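Report on one structure; see the data block that follows.
Where a number appears in this text, it was derived from the coordinates with a stated rule and is not lab data. The structure displayed is predicted, hence computed values, not measured ones. No Cβ is skipped: glycine too gets one built from the backbone with ideal geometry, and neighbour counts run over all protein chains shown.
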Amino acid sequence: MSAKKTFILVHVLIISFFGTFIYFRFIMNAKETAPKAVSLAEVVSKSSMADVLGAENMRVTNSEGKNTQVEQKSISTKGLSARPKVNLQKASVIEEKADIVTQEIITRDEKVASAPLPLSLNLDIPFYTQAPFSNWDNPWQEACEEASVLLIANAYYDHNWTREQFNDQILKLVEWEKKRFGDYKHTSVEQTAEILADYLGLKTVIVENPSYEDIMKTLNKGHLIVMTFAGKKIGNPNYKNGGPVYHAMVVKGYKEGKKVITHDVGTRKGENYVYRWSVLQNALHDWAEPIESGEKRMIEVLPPSL
């Protein structure tokens, strides 16, 4: 081979090498953009208002389609022995129109079911990784569940923890788990819900076999979500060694194309990390051995006001 051909071949190989490096390092690993985050308090406030307006609100509708609001009052037990006063005129009117009057109970769930959900939503909450100071030794290496629930507590209670405080909170929770469970590694969905309730004072709902629609509805109530996964099935290129066997993260939003927005505490690039729902649904597993035998579940975390 001539020197000229060798020169060209060497340069082609060098260019190919750097091209491949750039593709996998910067293009393949590039984060997908998440929609602008909205205030968690605003979404919770709207959801609470819907509760007030919709919960057991009674309307009386006559045959002409006119509505009369019925006021429901609680009855005091004081003075029950006294004979109640009866407005005979009102009672007569009600009795006469009984055949043309229907009562409709409008609940919040019915309203939500009829209202279209936004195509995208991203709840704004602070982010820290499970290793706030990039020390991935234990316990931080195994602290994804702890970091996920603490992110939610930080947001719900407006703690505004600094990085140092968040790190201290992880260590405190690890010690609590050792006393409660005997260990802090690989907490199951049930144990994680127990941490939320007994350690952080937050109520939870465990949803079996959650759908993308379940995620949308939950987030539109202003309720954050914790999900656990077979970590190596997630395929995040920022994970080392293909990812952990078991992993947890916060689900905080969604966007068009059936994509889910997370705070993935397992990587410094995990803030507003977007995954395809099909990927997360496939990887979704509660702790079990082997991990692929774990049930598919999610934890809906209710704000402290509920």
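With a 10 Å Cβ neighbour count serving as the proxy for reagent exposure, in which order, fewest first, do Met249, Met298 appear?
Final ranking by Cβ density, sparse to dense: Met298, Met249.
I'd like the Karplus ³J(HN,Hα) series for the stretch 183-189: coefficients 6.51, -1.76, 1.60, θ = phi - 60°, whole numbers in Hz, and an x wherever there's a Gly or Pro.
6, 10, 7, 6, 5, 6, 4
Sequence-distant or interchain residues sharing an amide H contact under 5 Å with Trp161, placed H: which?
Correct list: empty.
In a shell of Cβ-Cβ distance under 12 Å around Lys172, excluding Lys172 itself, what net charge do Lys and Arg (+1) and Asp and Glu (-1) give?
Neighbourhood net charge equals -2.
What is the distance in Å between the Cα centres of the stretch 199-213 and the stretch 219-249?
Here the answer is 15 Å between Cα centres.
Given 5 Å bins starting at zero, what is the percent of C-alpha pairs of the stretch 155-278 in each, up to the one with the largest pair distance?
2, 9, 17, 22, 22, 17, 9, 1, 0
Between Ser134 and Glu194, 0.36 nm times their residue separation minus their Cα-Cα distance comes to what?
18.8 nm
For Val279, Val260, Val205, what's the fewest-to-most ordering of other Cβ within 10 Å of each Cβ?
Numbers: Val279 16, Val260 25, Val205 13.
Listing Val279, Val260, Val205 from fewest to most nearby Cβ atoms yields Val205, Val279, Val260.
How far is the Cα center of the stretch 258-306 from the Cα center of the stretch 130-171, in Å?
Distance between centres, Cα-based: 17 Å.
Taking H placed 1.01 Å from N in the peptide plane, check which residues at least 5 places from Val250 or on another chain put their amide H under 5 Å from its amide H.
Result for Val250 returns His263, Val265.
What list of ³J(HN,Hα) couplings, whole Hz, do you get for the stretch 151-157 from phi and the Karplus terms 6.51, -1.76, 1.60, once you set θ to phi - 60° and write x for glycine and proline?
Ordered by residue, 3J(HN,Hα) equals 4, 5, 4, 4, 6, 5, 8 Hz.
At 0.36 nm per residue, and after removing the present C-alpha to C-alpha distance, how many nm does the segment from Val205 to Lys258 gain when stretched out fully? Walk me through the numbers on the way to the answer.
Details: separation 53, 0.36 × 53 = 19.08 nm, distance 2.27 nm.
Additional length available on full extension: 16.8 nm.
Mind sorting Phe229, Phe181, Phe133, Phe127 by how few other Cβ atoms lie within 10 Å of their own Cβ, fewest first?
Lowest count first: Phe133, Phe181, Phe127, Phe229.
Counting only residues 5 or more places away or on other chains, whose amide H sits under 5 Å from the amide H of Lys259 once H atoms are built in the peptide plane?
Amide H neighbours of Lys259: Trp277.
Using 0.36 nm per residue, how much length does the chain from Lys185 to Asp158 gain when fully extended, once their Cα-Cα distance is taken away?
7.0 nm
If Lys and Arg each add +1 and Asp and Glu each add -1, what is the summed charge of the other residues whose beta carbon sits under 11 Å from the beta carbon of Leu200?
Spelling it out: positives minus negatives among the neighbours equals -2.
Taking K and R as +1 and D and E as -1, what net charge do the other residues with C-beta under 15 Å from the C-beta of Pro132 add up to? Mind showing how you got there, number by number?
Working: positive: Arg163, Lys172, Arg268, Lys269; negative: Asp137, Glu142, Glu146, Glu164, Asp168, Asp264, Glu271.
Around Pro132, the charge tally is -3.
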